[in-house]
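Colleague: I have a structure I would like to understand better, so I am pasting it below and will then ask my questions one at a time.
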Amino acid sequence: MRKVLVTGGAGFIGSNFVHYLIENTDDHVTVLDKLTYAGNLASLEGLPEDRFTFVKGDIADASVVEPLVAASDVVVHYAAESHNDNSLHDPRPFLDTNIIGTFTLLEAVRKHGVRYHHISTDEVYGDLELDDPQRFTEHTPYNPSSPYSSTKAGSDLLVRAWVRSFGVRATISNCSNNYGPYQHVEKFIPRQITNVLTGERPKLYGAGLNVRDWIHANDHSSAVLTIVEKGVIGETYLIGADGEKDNKSVVELILTLTGNPADAYDHVVDRAGHDLRYAIDSTKLRTELGWQPRYQDFEAGLAATIDWYRANEAWWQPQKAATEAKYVAQGQ
Ligand code: NAD
Ligand code: TDX
């Protein structure tokens, strides 16, 4: 039985990956998660006790990390401070977790010779013009814009250095924007869905022309498992599912799918330094490792996600009021 250590497994994408591993492998999964405001044990309910262990702890604490890494065959590192807006108001936790936390994990996998997969984001590449025919590839130069994306870029570079200098057996993936169940209500799609469900109007930053390249969290999980099993050590793989949409269209679709007028939203203060467009070319992952996304009908995926938030109010409701209060204080 392969022993997998998943950091950040109580967060959005990490918890989706844990469910995916339990359903699609015989692995034993240990989650290491600090349970920050973004971590939620309810996202891990119902997992089989003989295949799943939860450890509460900080990835930047070597005394916690070392024994867990030593007991694992592979580490998949999701834990991060992940929200751009938070990074603009209080960057420090982003350095502590994204940089020092990653460093701590790298030192542990180096010491114990454990295979490591590093989860990162397309935001490390900066942004594209709306009409740029090119998309991000593994060769695009790093050019991050926000405290969040710069700390993710820094963590990626640490991984590359630990591969080259110390022979650590690591791979990196940079994925586009995820959507699906268990995403915190601070993020764009869940915020707008839960606004509609609580009788609030969706909030669009600026004109809403910014483009994000949406992928279902389940497709991200299948891509990561593919890389863990078939990826070449030292390589970076971009993960995307050809899902480019502008924010305004996404808000309009949420309103239409919930039976509301498509224009029943507010424009609010734009994000400082707001990246215009992300777009991923995932040819390398598809041709070299044979991966394919399964959830390419965005409207169907969004409708299913709306249904999930409707059915799981007990999961998101405790965070909603405090999250909105923070946004209102920022004029957003
Ligand atoms: P999230 O904020 O929902 O979850 C992060 C998890 O990490 C939480 O459970 C939190 O408690 C935990 N955590 C935070 N600091 C920790 C620490 N110091 N020690 C241990 N645990 C800690 O984030 P997410 O959206 O699921 O993102 C997961 C990963 O995927 C991140 O590395 C992020 O950069 C990357 N990513 C996210 C997206 C996206 O669209 N959300 C896209 C590409 C890449
Ligand atoms: O209320 C909102 N209104 C709005 O218009 C919010 C919360 C966001 N937006 C816009 C900003 C972005 O253009 O929607 C877009 C998506 O915003 P976020 O959900 O905050 O995501 P983004 O900043 O694109 O980053 C996400 O994808 C890449 C994740 O949060 C990152 O962790 C990941 O690396």
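Colleague: In this model, which of Lys187/Lys284; Lys187/Lys230; Lys111/Lys284; Lys34/Lys245; Lys3/Lys245; Lys56/Lys187 are farther than 26 Å apart at the alpha-carbon?
Modeller: Lys187/Lys284; Lys187/Lys230; Lys111/Lys284; Lys34/Lys245; Lys3/Lys245
Colleague: Segment 6-84: which GluC sites (Glu not before Pro) are DSSP loop and have at most 15 other beta-carbon atoms within 10 angstrom?
Modeller: Within segment 6-84, the qualifying GluC sites (Glu not before Pro) (loop, at most 15 other Cβ atoms within 10 Å) are Glu45.
Colleague: Go through segment 34-48 residue by residue and turn each phi into a ³J(HN,Hα) via Karplus (6.51, -1.76, 1.60, θ = phi - 60°); whole Hz please, and just put x for glycine and proline.
Modeller: Once rounded to whole Hz, the list reads 7, 6, 5, 3, 8, x, 8, 5, 4, 6, 10, 5, x, 7, x.
Colleague: Let me ask something additional. For the chain, compute Rh as the Kirkwood radius over C-alpha pairs and then the Stokes-Einstein diffusion coefficient at 4 °C and 1.567 mPa s; write the answer in µm²/s, rounded to an integer.
Modeller: My calculation gives 64 µm²/s for D.
Colleague: Using packing as a proxy for protection, rank 142-155, 256-269 so that the peptide with the highest average count of other Cβ atoms within 10 Å comes first.
Modeller: Ranking the peptides 142-155, 256-269 by packing returns 142-155, 256-269.
Colleague: Given 0.36 nm per residue, what is the gain on full extension from Val232 to Leu257 after removing their alpha carbon distance, in nm?
Modeller: That works out to 4.8 nm of additional length.
Colleague: May I pose another question? To the nearest 10 degrees, how steeply does helix 313-329 sit against the main Cα axis of the chain, on a 0 to 90 scale?
Modeller: Relative to the chain, helix 313-329 is tipped by roughly 70 degrees.
Colleague: For segment 22-62, what is the per residue volume of the convex hull drawn over the alpha-carbon atoms, in cubic angstrom?
Modeller: About 89 Å³ per residue, rounded to a whole number.
Colleague: Further question: Just to confirm a number: summing +1 for Lys and Arg and -1 for Asp and Glu over residues other than Ala207 whose beta-carbon lies under 11 angstrom from that of Ala207, what do you get?
Modeller: That works out to -1.
Colleague: Continuing with this model, one more query. Can you tell me the FRET efficiency between Asn24 and Leu130 if r is taken as the Cβ-Cβ distance and R0 is 25 Å, rounded to the nearest 0.05?
Modeller: 0.10
Colleague: Given the DSSP H assignment, sum -39500 (n - 2.57) over each helix run of at least 4 residues in the chain and divide by its residue total; what's the result at 222 nm in deg cm²/dmol, nearest 500?
Modeller: Mean residue ellipticity, 222 nm, calculated: -12500 deg cm²/dmol.
Colleague: Enumerate the amide H contacts of Glu186 below 5 Å, restricted to partners 5 or more residues apart or on another chain; note that Pro and chain-start residues carry no placed amide H.
Modeller: none
Colleague: Under 5 Å between amide H atoms, partner at least 5 residues away or on a different chain: which partners does Arg135 have, H built in plane at 1.01 Å?
Modeller: Amide H neighbours of Arg135, under 5 Å, 5+ apart: none.
Colleague: Residues with amide H under 5 Å of Cys175's amide H, sequence separation 5 or more or different chain, H placed in the peptide plane at 1.01 Å from N; which?
Modeller: Counting only residues 5 or more places away or on other chains, the set is Ser120, Thr121, Asp122, Ile239.
Colleague: May I ask for the angle, rounded to the nearest 10°, between helix 147-166 and the longest principal axis of the chain, with both axes built from Cα atoms and the value confined to 0 to 90°?
Modeller: 20 degrees
Colleague: Do you know the relative contact order of segment 167-294, to the nearest whole percent, from alpha carbon pairs under 8 angstrom that are 6+ apart?
Modeller: After rounding, I find 36 percent.
Colleague: Could you give the angle, 0 to 90 degrees to the nearest 10, between helix 102-112's Cα long axis and the longest principal axis of the Cα atoms of the chain?
Modeller: The two axes meet at around 30 degrees.
Colleague: Moving on. Report ³J(HN,Hα) in whole Hz for each residue of segment 258-269, in order, from the Karplus equation J = 6.51 cos²θ - 1.76 cosθ + 1.60 where θ = phi - 60°; Gly and Pro get x.
Modeller: Karplus values, whole Hz, x for Gly and Pro: 9, x, 10, x, 5, 9, 8, 9, 10, 8, 10, 3.
Colleague: Express in whole angstrom the spacing between the alpha-carbon centres of segment 243-289 and segment 156-181.
Modeller: That distance is 25 Å.
Colleague: Which ³J(HN,Hα) values in Hz, rounded to whole numbers, follow from the phi angles of segment 241-253 under the Karplus curve 6.51 cos²θ - 1.76 cosθ + 1.60, where θ = phi - 60° and Gly and Pro get x?
Modeller: 10, 6, x, 5, 8, 7, 4, 4, 5, 5, 4, 4, 5
Colleague: Still on this structure, I have one more. I'd like the trypsin sites (Lys or Arg not before Pro) in segment 253-332 restricted to DSSP loop residues with at most 14 other Cβ atoms within 10 Å, sorted by number.
Modeller: When the trypsin sites (Lys or Arg not before Pro) of segment 253-332 are filtered for loop state and at most 14 Cβ neighbours within 10 Å, Arg294 remain.
Colleague: Using just the C-alpha positions of segment 188-332 as equal point scatterers, what log10 of I(q)/I(0) does the Debye formula give at each q in 0.18, 0.20 1/Å?
Modeller: Debye intensities relative to I(0), on a log10 scale: -1.10, -1.22.
All of the numbers you see were taken from the coordinates with simple rules; none came from a lab. Worth saying up front: this structure is predicted, and the values here are computed from it rather than measured. FYI the Cβ positions are ideal-geometry reconstructions off the backbone, even for glycines, and counts take in every protein chain you see.
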